[in-house]
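Written below as structure tokens is the structure these notes are about.
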Amino acid sequence: MPNSTTILRNVTLNYAKVYKPQTNQYGKEIFDIQLEFDKKRVKEMSEFGKVRDLPNGNFAINITRPSKNSKGQKNSIRVVDGEKNSMKADIGNGSIGNVMVYSYDWEFGGKSGRKTVLIAVQVTDLVAYTPTEDFDVMASEDNTDEVAPAQDF
């Protein structure tokens, strides 16, 4: 299959880490976004990544891009709104948009496959990002009955 740039249209955007790279479980800094879609699109999306089931009955793939290219230069992800204006707003889960990807075949050490890389994100229906639940701020209590730390050292 030839190298190609594709726009994956009208997908739900989740966990968008597109402004600043994050360290993944393997210690690599990457940009990452989850694309959510319904069962009708599983075959189409399987060309671009490993499709997995979601608890809500939909399906998803993740598209990534390393924070640096093979020459050590920093990569970035182009993020625009529906009118192609650059945007910096945090993308909340459930936003709708289009994602531009670049796919290519690879072969290394007797193994081969197809890799898809995140290029750009167009958000057509932004859901405001709201941070997850956090701890409440607790008032400090004066515990005068506490035992002092041991002085064994």
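Tell me, what ³J(HN,Hα) does each residue in region 29-38 have, in order and in whole Hz, if you take phi through Karplus 6.51 cos²θ - 1.76 cosθ + 1.60 with θ = phi - 60° and put x for Gly and Pro?
Values per residue, Gly and Pro as x: 7, 9, 8, 8, 8, 9, 9, 10, 7, 8 Hz.
Considering the chain as a Gaussian network with a 10 Å cut-off on Cα pairs, which listed residue, 21, 131, 66, attains the greatest mean-square fluctuation?
Maximum among the listed residues: 131.
Tell me what the chain gives for mean residue ellipticity at 222 nm when only DSSP H runs of n ≥ 4 count, each as -39,500 (n - 2.57), the sum divided by the residue total, rounded to 500 deg cm²/dmol.
Details: 1 runs with 4 residues, N = 153.
It lands at -500 deg cm²/dmol.
Could you work out which residue, out of 100, 45, 138, moves most in a Gaussian network model of the chain, that is, has the largest mean-square fluctuation with Cα springs under 10 Å?
It is 138.
For the chain, modelled as a GNM with alpha-carbon contacts under 10 angstrom, which of 73, 22, 34 fluctuates the most?
73
Using the Karplus curve 6.51 cos²θ - 1.76 cosθ + 1.60 with θ = phi - 60°, work out ³J(HN,Hα) for each residue of region 127-132 in order, rounded to whole Hz, and write x for Gly and Pro.
9, 4, 6, 10, x, 5
Which FRET efficiency value, to the nearest 0.05, do you get for residue 52 and residue 29 by plugging their Cβ-Cβ distance into 1/(1 + (r/R0)^6) with R0 = 22 Å? Write out the running numbers ahead of the final one.
On the way: r = 23 Å, r/R0 = 1.05.
That pair, residue 52 with residue 29, gives E of 0.45.
Of the cross-linked pairs 39/111; 17/74; 28/74; 43/88, which ones have a Cα-Cα span greater than 23 Å in the structure shown? The partial results should precede the final answer.
On the way: 39/111 30 Å; 17/74 15 Å; 28/74 13 Å; 43/88 32 Å.
Cα-Cα > 23 Å for 39/111; 43/88; rest within.
R0 = 41 Å: FRET efficiency of residue 38 with residue 139, Cβ-based, nearest 0.05?
Values: r = 48 Å, r/R0 = 1.16.
Calculated value: 0.30.
None of the figures in this text is laboratory data; all of them are computed from the coordinates on show. In this text the structure is predicted, and so the values were computed from the model without any measurement. Virtual Cβ from ideal backbone geometry, glycine too; neighbours counted across all protein chains shown.
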